[in-house]
1. Against the conditions (1) surrounded by fewer than 21 Cβ atoms within 10 Å (Cβ to Cβ); (2) not in a helix (DSSP H, G or I), where does Asp157 fall short? Just the number, please.
2. Got at least one residue in segment 60-74 being in contact with a Ser or Thr (Cβ under 6 Å, 6 or more places away or on another chain), within 30 Å of Glu138 (Cα to Cα) and surrounded by fewer than 21 Cβ atoms within 10 Å (Cβ to Cβ)?
3. For segment 5-23, name all the residues that are within 24 Å of Lys229 (Cα to Cα) and crowded, with 22+ Cβ neighbours inside 10 Å.
4. Checking the condition under 19 Å from the mean Cα position of the chain (by Cα), free of Cβ contacts under 8 Å to residues at least 24 places away in the same chain and surrounded by fewer than 23 Cβ atoms within 10 Å (Cβ to Cβ), which residue from Asn105, Asn120, Asn93, Asn97 passes?
5. Looking at the structure I just gave you, is Ile140 at pLDDT below 95, among the hydrophobic types (A, V, I, L, M, F, W, C), at negative phi and out of contact with any helix residue (DSSP H, G or I) (no Cβ under 8 Å at 6 or more places or on another chain)?
6. Working carefully through the options Phe151, Phe164, Phe169, find the one that is buried (at least 19 other Cβ atoms within 10 Å of the Cβ), of a type in the set (A, V, I, L, M, F, W, C) and farther than 18 Å from Pro66 by Cβ.
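The values are calculated or read from the model by the stated rules, or taken from the named source; none is laboratory data. In this text the structure is predicted, and so the values were computed from the model without any measurement. With ideal geometry, Cβ positions are generated from the backbone for all residues, glycine too; neighbour counts draw on all protein chains shown.
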Amino acid sequence: MKFYRTDLHIHTALSPCGDLDMSPSTIVNLALKRGLDIIGITDHNSTKQCKMVWELAKKTGLVVIPGCEMTSREEVHCLGLFEDFESLAIFQNFLDNHLTLIPNNISIFGFQVVVDENENVLEEIDNYLGASLDVSIEEIEQKVHELSGIFIPAHVDRPRNSLFSQLGFIPPELKIDALQISKLAIEKAVRQRYGITPEITLVKFSDSHYADDLGKTYTLFEMEEPSFKELRKALLGEAGRSVRIPE
């Protein structure tokens, strides 16, 4: 077993709140420089930048998990992570079918661009990706798990756009693989405040929108190898795998 530094909540220039400096090449280079072993690409309501980051990283040994940060109908942010690009494409179609269509106002929300390895713009997304989907958090979770993905409600301790701020509790029918807490939160305090039982795994990631934040907050995954299957086992505490938030 080995501990792997893991940051599974990273935004690129595709996210409207993401800095334009967050290109695939910048993300890969910074992740390596800051000692990360595994990263997740989770733009708001879109998966379109994942493949380019993965392509660049595969030459380096850095493992990239493709995914997305979705906004539910209740305005809850949650992460979906996927093992392969076939599942990711199906999920992108789900996002396209359910995103609330609001034209993006660049002067207010910022650019939403897909770029290549040389930072050339390949596509600009017209509809605002920060809008909510027209489906519930339960429907999103069910779709993620239908595609054998990992489902993690994001920054659950924040005063807005979180599971507890929007719903006030964990719905009993919601099947979560872990809960992400915000980077300044203390695990013990969050568990006490919200009554989160020990069998629920908590993780911390950077939620980086800017280069300076990437990889500065991470979780240690104790696994046999840096792979999607091992990540799932670690989150579930199976076969000696484990997850630890550094002090």
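1. Answer for Asp157: the failing condition is (1).
2. The answer is yes, given that some residue of segment 60-74 is in contact with a Ser or Thr (Cβ under 6 Å, 6 or more places away or on another chain), within 30 Å of Glu138 (Cα to Cα) and surrounded by fewer than 21 Cβ atoms within 10 Å (Cβ to Cβ).
3. Listed by number, the residues that qualify are Thr6, Asp7, Leu8, His9, Ile10, His11.
4. Asn93
5. Here the answer is no, as Ile140 does not meet what is asked.
6. Sole residue among the options that is buried (at least 19 other Cβ atoms within 10 Å of the Cβ), of a type in the set (A, V, I, L, M, F, W, C) and farther than 18 Å from Pro66 by Cβ: Phe164.
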